[in-house]
Each structure stands twice: as C-alpha cells, then as structure tokens.
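Each remark here refers to the structure printed beneath this line.
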Amino acid sequence: MLEQLLIFTRGGLILWTCKELGNALKGSPIDTLIRSCLLEERSGAASYSYDAPGASYTLKWTFHNELGLVFVAVYQRILHLLYVDELLAMVRREFSEIYDPKRMVYNDFDETFRQLRREAEARAEELKKSKQTDKPVNNKKKQGLVQKAGSDKGSKKSEGSLATDGGDGDKAKGRKLENGHSNGNHVEMEEPRAGVVNGKENTSSNISAFDVSKLQKRTKGVKKTDTVVNKGSKPDPKKKATKKNRVWDDAPPEEKLDFTDPVDGNGSGNDNIEVVAANQGESMMDIEEIISSDSEGEVDDNVQKDSKPEAKKKGWFSSMFQSIAGKANLEKEDLEPALKALKDGLMTKNVAEEIAEKLCESVAASLEGKKLASFTRVSSTVRAAMEDALVRILTPRRSIDILRDVHAAKEQRKPYVVVFVGVNGVGKSTNLAKVAYWLLQHNVSVMMAACDTFRSGAVEQLRTHARRLQIPIFEKGYEKDPAIVAKEAIQEATRNGSDVVLVDTAGRMQDNEPLMRALSKLIYLNNPDLVLFVGEALVGNDAVDQLSKFNQKLADLSTSPTPRLIDGILLTKFDTIDDKVGAALSMVYISGAPVMFVGCGQSYTDLKKLNVKSIVKTLLK
C-alpha cells in the first residue's frame, strides 16, 4: 500500500497530495530525496531508499520537464509494489492535461486518482495471477528433464564429485595464498607500529617476523674478515647493527648528518634554527583567479562537430525546418548522441566512468519530454544542461569560510581542530604546512600536532615545517596512540591560547582495517571541528573507491550513534594534471563534501581555492 503520493513544482510548491492516504511519514523522506538525489544530479536512478527510526521507505519519481512538475510516490520498502511505475505514468499523463500555472488547488483530481489507482492495482493482480498459473507447467517440464537425466546420474555423479572436490581444493589453495599474502602485508605495515592502537597488534606482527639469524649463518662464509675483527668484543644483543657510511680513499671524514634536536619533556622541540620561509609572500588563497575566455570558441566548435552526424541523418531541409519551428518534445533517442559525446569527454578529463554515466542519466532525465526552443540544437541544449549540473554539484552547499569558524571557536575559548586524513603519499604534511602558513598570514596562532607515529621521519618532517614557520609543535615520538597524542595536543593548545590545532595523521589505505579503526578512534575521542580528506588530483576511478570506503569505514568502525564523516577535501598536485581535472568532480559527487583547498606547488604560498567556473569550463572543453 502506498504511504504517500504528491505532486509539486520544481520550485517546491506542492500542488496536490493524496488525502485518502494521509499517512504521517516518519522522518522527512521527501526533503531528503530533494536534497540528496534531485539536487545532486542523481535523478537518473530508478528509486531512492530512505531509512528512518522505525520505518524504511522506497521513493520513486518521474518528471514532466516541459511543465516543470515532479511526481513522487512513497511506500514501505518491505512491500514490493509492482504498479507504482505505471501509476506514476498515468498520474503524470492525467494531471498534465488539467494543469494550469495560475491554479493552486486541485481538489477535483482526487476522484481521478482513485480510478487510476484501482486500474493499476487490478493490472498488478492480473499479472500476479498469470505468473502463478505459469509456474506448474514449468515444474512439470523440469521434472520430465530430471527423469530423462536419471540414467546418466550414476556416471556423472562421480565426475561431479571430483569436480567439486577439485574446486574446493582450488579454493583452499586460493585461501592459503590469500591469507599468506595478507599476513605478509599486515606484518610489513604493522611491525614498526607496535603498541600504537592496542596491545593485540604486537602478537599478530611477531608471528611471521623475519628471522635474522638465518641470514647471518648464510653470510658467515662470505664476510670472514668482519667475523675475525668482531671476535674480541661480544656484540650487545640489545643494540641493533647500524649501516656504516662508506669511506673513500683520500676523502675528509664526513660530519654527522642528523641535525635534529632532542625533544624536551612537554612534547615540544627547540626552535634554535634559522627561519628560512617565514615570509614567502601572499598565499594564493587570497588572490582572485581570473578566467580567460579562450575556450568559448573551442566549445562552439565541439558543438558543431557533435551536430554534424544529426544533420547527415535528417537532411538539410528537415534540420532547417526543426531549427526554425522547434522540436515538439525531446526524446531519449534524440539525446543519446550528444550525451555519449559528453560522457566520453568527461572520461578523457579523468572523471570516473561510474560518475560520468550517472551524470548523463540525470541530465537525460531532466531534458526528456522538454520542448526544444527555436534556433537551438540538441547538442547545445544538452551541453547547457550538463554545465548547470556541474556547477550545482561543485558549488559548496554550506559555508567553507574557515577563518569565520576559527573566530567563532575563539569566542568560545577553545581551539579550532582540523584533522588531515588520506592515503599514503598524497602530501598531507606538506599541505598542512601550507594551511598553517595561510592562517599565520591572517594573524591566527597555530599549533601542529604530530600524530603520525607510524611512518619513520614523519615527526622530523613536521618539526622542520614548524621551525621554518616559527610555530609550536606538539609531539610524543613514535609508537604512541595517535588519539591520545591528539587529545594532549588540544589540551596544550587550550592552555597556551592557540587558535587552531592542525593534526597530522598517518597515511593509510582504505582497506587497512586496523589503521582505519585507529583513525575512527582519534576522530571519536577528540571530536574535531573539521575532517579534511587529502587526495591526489592524479587519481581517476580510484578516487571513488578511496572516498566511499573512507566514509564507510569511519561510519562502521565508530562507536558513536552519529559517526563523523569527511567534512571537506584538500586536492593536491593540481599543477601536474594539465586539463585532467575530473578527480575534483568525482570526489565531490561521491562524498558530497566540498573542495576547500587546492595544492598547486611545492612552496608554502601554493595553496588556492577551487574555481568552480574554471573547472566546469575545462571539463566541457
């Protein structure tokens, strides 16, 4: 049974609702559908599922693009109603005949809807009965086939058992290989990080640890001189053998290359080093980017190229007549050539295939049935609709003014906490330093928190940035729980009066559950104001996998009933991709989080905002 059916305009004006149904919906499924699906260019999907406390709904919809109407049906997900699509199509047809833009009330449509619903339910019942009458015939046929095959059962049974045994054996081998490979990866990733999350990681990493004694036995015969020299002094088992620098003949002795200072007791290092990059100029975040109009001519050329095959098929006179008089209604067949060209163009710009396909489906749903204006081509209409869709997706739906949020937190006498997360090697620490430099230019006091206690050299790297920028850093070394380090850093910033705490975390792959669990614990324990996902602009389809799995893991592994997900995106290495800017679109589409920063170089000033118009123009170039 239907829970609700309503008709409203694209502007949000409700024209008619079914008074007979009148069931009070739990939650707000219609608002969520508009916000999460229709406005996010996901209207090409067949249905939308909404979960509310105590109820789960399925929503289906259809459009009348020429009149600008939306028809939505809501029913319980557990009920598989077969007549909903047909009912929506009939309601759309009947309501469009009586629709008047000046009219606001349609009480006379109630009786029409009752008849339409009875017709749709009767057809669904007939279809259900016809399927049930067809089932016994099929069963008899199957029984006859089974009887005929009874003579070959004995001979094929042994073969089948062998085949299944062989399949099981192959599966078992696959499991062994898979387990062995995964254990190897687990040891390689987790061995330096002993005791970071909990005590259980040590046991798993020590099981398959590498036996150094075997290697020493093999190399005894090769390096005899070393063994003779070391006979007099017994090696200390606690000390690890370190690699010695090679000394060439007639070369002066090398100086010590480790210039790091010891860390004092409160977790901060000394700042007795020359300031190299404390003032490199104005950050690109505060410089407005000017868009050139060079690509407009190329867009027109592409439109003409797309329209050539249509002109060849229809002929000169028919195409000229349609351009003057206008086409009655756009159909899916008319949109397919232009949409295919747009999809191929988006994929060449590094947009994930899945995202490009969904965008084209959504644009087709918004244009199907719409009347084509005079002197306009289908390709230009489709391109304009795609441009509007891209601008709507990339434009942030909430404020991304971090400076305003920082001042609001300062009034509450607490630091503004930003956590940088992402996969390995994307440039989290470097871009954290760029954000710190930009905040310093706006007279905001910043503290860094070195919570990457896993990667060797991560603390030293962040310490170098802190010294160059002359800002304090909170560190506790390696093999510590990053959640506890971040908590102590926030407490230290509160005592010292720092406005912002930038938390650096270890890089982790989205499939590494122990590290993802540690990240979820850090976010849950410290409740940061902003969770920034740092991603590369070089990735294509992998951007969808990274962001979706990061959000999924943060939601699944969190102990909070309302888990924190990714709030914003920092896109790095943007200066290396030329016009392949599709990763920005893929990341925003899959996560719904805005791109807040764009890294475009190696200096502290190379950080800027995302220019939506420039990105859209490049994608459609």
* Structure fact -> Checked the stretch 445-507 against the a/c 1.5 cut and the a/b vs b/c comparison, axes a ≥ b ≥ c from its Cα gyration tensor; verdict oblate
* **Residue-wise HN-Hα coupling along the stretch 423-429, computed from phi with Karplus coefficients 6.51, -1.76, 1.60 (Hz; x: Gly, Pro)** => 7, 6, x, 8, x, 5, 5
* Asked: Between E488 and S614, 0.36 nm times their residue separation minus their Cα-Cα distance comes to what?
  -> 41.2 nm
* Structure fact -> Answer in debye to the nearest 20: the dipole magnitude of the stretch 377-489 about its Cα centre, from +1 Lys/Arg and -1 Asp/Glu charges placed on Cβ, is 240 debye
* Structure fact -> Note: I287 to T17 extended length (0.36 nm per residue) minus current alpha-carbon separation gives 92.2 nm
* Asked: Share of the stretch 402-614's accessible area from carbon and sulfur, percent, 1.4 Å?
  -> 47 percent
* What percentage of the solvent-accessible surface of the stretch 2-127, computed with a 1.4 Å probe over protein heavy atoms, is contributed by carbon and sulfur atoms? -> 50 percent
* Inter-label distance, nm, simple model (7 Å from Cα along the C-beta direction), K102/R123 -> 3.5 nm
* Asked: Around Y416, which amide H atoms from residues at least 5 apart in sequence, or from another chain, sit under 5 Å from its own amide H, with H modelled in the peptide plane?
  -> V500, V501
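With an 8 Å cut-off on Cα pairs and a minimum separation of 6 or more residues, tell me the relative contact order of the stretch 2-127 in percent.
Over the stretch 2-127, the number comes to 25 percent.
Please give the contour-minus-distance gain from A24 to T112: 0.36 nm per residue of separation, less the Cα-Cα distance, rounded to one decimal in nm. Don't skip to the end; give the middle numbers.
Numbers: separation 88, 0.36 × 88 = 31.68 nm, distance 2.27 nm.
Value of the extension gain: 29.4 nm.
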* Asked: Quick one, what does Rg over Rh come out to for the stretch 2-127 if you take C-alpha atoms and the Kirkwood Rh?
  -> 0.94
* Structure fact -> Between D511 and A55, Cβ-based FRET efficiency (R0 45 Å, step 0.05) works out to 0.85
* Kindly state, to the nearest 0.05, the FRET efficiency for Q412 paired with A555, given R0 = 41 Å and r defined as their beta-carbon distance. => 0.90
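How large is the accessible surface per residue of the stretch 402-614, computed with a 1.4 Å probe and reported in Å² as a whole number?
Result: 36 Å² per residue.
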* Asked: At what distance in nm do the modelled label points of N424 and D401 sit from each other, each positioned 7 Å from its Cα along Cα→Cβ?
  -> 4.1 nm
* **Dipole of the stretch 402-614, positive direction: furthest Cα of T559, S603, A449, with charges on the beta-carbon** => A449
* To do: Any of K358/K428; K370/K621; K343/K621; K434/K609; K487/K521; K434/K608 with alpha carbons more than 20 Å apart? Name them for me.
  => K358/K428; K370/K621
* Asked: Excluding S283 itself, what net charge comes from residues whose Cβ is under 11 Å from its Cβ, given Lys and Arg +1 and Asp and Glu -1?
  -> 0
* Starting from the amide H of F454, placed 1.01 Å from N in the peptide plane, find each other amide H under 5 Å away whose residue is 5 or more places distant or on another chain. => none
* Asked: At what distance in nm do the modelled label points of D575 and R93 sit from each other, each positioned 7 Å from its Cα along Cα→Cβ?
  -> 6.1 nm
* For V581, what accessible area in Å² do you get when you roll a 1.4 Å probe over the heavy atoms of the protein chains, rounding to the nearest 10? -> 10 Å²
* For E411, E354, E492, write out the residues from largest to smallest accessible area, computed with a 1.4 angstrom probe and no ligands counted. => E411, E354, E492
* Asked: Taking only C-alpha pairs under 8 Å that are 6+ residues apart, what is the relative contact order of the stretch 402-614 in percent?
  -> 23 percent
* Asked: So if we plug the beta-carbon distance of E479 and T32 into 1/(1 + (r/R0)^6) with R0 = 41 Å, what FRET efficiency do we get, rounded to 0.05?
  -> 0.40
* Asked: What figure in square angstrom, to the nearest 10, would you give for the accessible area of R93 with a 1.4 Å probe?
  -> 120 Å²
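The values are calculated or read from the model by the stated rules, or taken from the named source; none is laboratory data. Computed from a predicted structure; not experimentally measured. Reconstructed Cβ throughout: ideal geometry from the backbone, glycine too, with neighbour counts over all protein chains shown. Heavy atoms of the whole protein, side chains included, go into the accessibility calculation; ligands, DNA and RNA do not. Shrake-Rupley method; radii C 1.70, N 1.55, O 1.52, S 1.80 Å.
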